[in-house]
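This report refers to the structure that appears directly beneath it.
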Ligand SMILES: Nc1ncnc2c1ncn2[C@@H]1O[C@H](COP(=O)(O)OP(=O)(O)O)[C@@H](O)[C@H]1O
Ligand SMILES: [Mg+2]
């Protein structure tokens, strides 16, 4: 559906995007994951035809959007990172405004506003002024504005920043529901757990470049991250540590703060091996906690820094 080819964009001395390429297939929830300043919004602005790249091209359904921006604009919905709403108007009036921007009017516009209010869960409050809305409600209305013209490709730029957990969950579920209805989605975030939850395909960006891409499982596999198991035994001592080190899949283990911190191969049998080794040696587990590798660990591994600092 969308091919992004070798994009470059600088703002003066700041190289915002340096050679970004990726492909989004129809039906995907495609994630652009990266910390603030990685170049996500710049990339998205280029794809949305709001910004021209210094170099590179974007093909939408096989045709360059730089040569002709009309085809993508017709089928694209954009949820910008900064909320674009009129605070003194009602939710309904805001949707009505955005609908008219997309060329909707009359009965069709009214019908779409009702449908969209339902999708974003605001139909009870849609006649209230936006300055009476919570941050989460504003975010949801912002999403609604992008849905009125029934886009086939929806681009969402950090749509959950700075809102309460309940609104956040509502938005994540809305994303999944829209995707089920057939909308292809590009979702940017610096929250790795959102990308893990939503996306079939993820590009991890840092400093204007893509540093890794693939499904969550592929990314985790790529860096051979280790599973961590924290164990508290009836006797947590060096003897117990030695016993656990005998397991082939255990790569490293130490005692810290009265518990054993063990690192092992990211395999399905590691936990079973650990438990059976413990019980076979007459020890008892008081608590056990398994931490599977996640995208945060992948990012840390690739860049040496945390995703959110
Ligand atoms: N209009 C602009 N003028 C100057 N610098 C910009 C502009 N837009 C973005 N930048 C810079 O480009 C880099 C990438 O920004 P951005 O694409 O917004 O990253 P992200 O969305 O991942 O946080 C940052 O260093 C940012 O300060
Ligand atoms: Mg951004």
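The values are calculated or read from the model by the stated rules, or taken from the named source; none is laboratory data. Keep in mind that this is a model prediction, so the values were computed, not measured. Note that each Cβ is placed from the backbone with ideal geometry, even for glycine, and that neighbours are counted across all protein chains shown.
Numbers below:
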read-out	value
Which listed residue is buried (at least 22 other Cβ atoms within 10 Å of the Cβ), closer than 30 Å to residue 128 by Cα and either at pLDDT below 95 or within 16 Å of ligand 1 (Cβ to nearest atom) (or both), from 79, 101	79
Some residue of the stretch 129-150 being in a strand (DSSP E or B) and surrounded by fewer than 21 Cβ atoms within 10 Å (Cβ to Cβ)	yes
Qualifying position, being in a loop (DSSP other than H, G, I, E, B) and either under 23 Å from residue 60 (Cβ atoms) or at pLDDT below 90 (or both), among 268, 248	268
Matching residues in the stretch 11-34 - criterion: being within 16 Å of ligand 2 (Cβ to nearest atom) and free of Cβ contacts under 8 Å to residues at least 60 places away in the same chain	11, 14
Subset of the stretch 39-63 [assigned to a strand (DSSP E or B) and exposed (fewer than 14 other Cβ atoms within 10 Å of the Cβ)]	55, 63
Every pair of residues 6+ apart whose Cβ atoms lie under 8 Å, when the first sits in the stretch 178-205 and is farther than 22 Å from residue 17 by Cα while the second is within 16 Å of ligand 1 (Cβ to nearest atom) and in a loop (DSSP other than H, G, I, E, B)	194/160
